[in-house]
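Asks: This is the structure I have questions about; it appears just below.
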Amino acid sequence: MTTKEYLHQAYRLDQQINSDLEEAKNLREMAGSVSAVRYDTDRVQSTPPSDAPFVKALDKLWDLEQKVSAELNLLSDLKKQIREVIEAVPDTDERLVLKYRYVLGMTWEQIGNELHADRTTVYRWHGSALNHVILPERPIII
């Protein structure tokens, strides 16, 4: 795993969590809605389902919320480790570029505005910073 791939993991995990939260929102809406009774003449069912329709959505919601909770714990641990790795970079500008990019998820333009530097300078600092990063012995890998 390259340094850039390691640092970029937090962004990807954050995206995954946001996607799971959106799915949980949809499941909450499904669980809270009242479904209509279906009178299908083509289908004969010997035993009606014993659970209300929203129970299945609630079960899925519970599982998804457990998954999101685990992902949030992993994200917290990963960002902590990434911050420690970044703090070991000796140059202040390089350290700030890495922190803004990989911990705070800023765009290159936002980083340039924060550091009052043009895009080329930010890219140069970033490239140099990647060369100064020392990955931990046991990096968290998602």
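The values are calculated or read from the model by the stated rules, or taken from the named source; none is laboratory data. The shown structure was predicted, so the numbers you read here are calculated from the model rather than taken from an experiment. Note: ideal-geometry Cβ built from the backbone for every residue, glycine included; neighbour counts use all protein chains shown. These accessible areas exclude ligands, DNA and RNA; they are computed on the full protein's heavy atoms, side chains included. Shrake-Rupley method; radii C 1.70, N 1.55, O 1.52, S 1.80 Å.
Asks: Using alpha carbon centroids, what distance separates region 4-33 and region 83-142, in Å?
Replies: Each part reduced to its Cα centre gives a spacing of 25 Å.
Asks: Greater than 20 Å separation of Cα atoms is the criterion. Which listed pairs, LYS25/LYS80; LYS25/LYS99; LYS4/LYS99; LYS67/LYS99; LYS79/LYS99; LYS25/LYS56, meet it?
Replies: LYS25/LYS80; LYS25/LYS99; LYS67/LYS99
Asks: Also: With a Förster radius of 25 Å, plug the Cβ-Cβ distance of GLU84 and THR121 into 1/(1 + (r/R0)^6) and report the FRET value to the nearest 0.05.
Replies: Rounded to the nearest 0.05, the efficiency is 0.45.
Asks: For region 73-134, what is the accessible area per residue in Å², given a 1.4 Å probe and the full set of protein chains?
Replies: Result: 58 Å² per residue.
Asks: Just the accessible area for LEU21, please: 1.4 Å probe, Å², rounded to the nearest 10?
Replies: We get 80 Å² for LEU21.
Asks: On the accessible surface of region 81-142, probed at 1.4 Å, how many percent belong to carbon and sulfur atoms?
Replies: Result for region 81-142: 49 percent of the exposed heavy-atom area is carbon or sulfur.
Asks: May I ask you to evaluate 6.51 cos²θ - 1.76 cosθ + 1.60, the Karplus curve with θ = phi - 60°, for each residue of region 85-95 and list the ³J(HN,Hα) values in order in whole Hz, giving x for glycine and proline?
Replies: 5, 5, 4, 7, 6, x, 7, 5, 4, 5, 4
Asks: Could I have the simple spin-label model distance between ASN131 and GLN15, label points 7 Å from Cα toward Cβ, reported in nm to one decimal?
Replies: A separation of 2.8 nm, rounded to one decimal place.
Asks: Just add up the charged neighbours of SER76: K/R +1, D/E -1, any other residue whose Cβ is under 12 Å from the Cβ of SER76.
Replies: Once positives and negatives cancel, what remains is 0.
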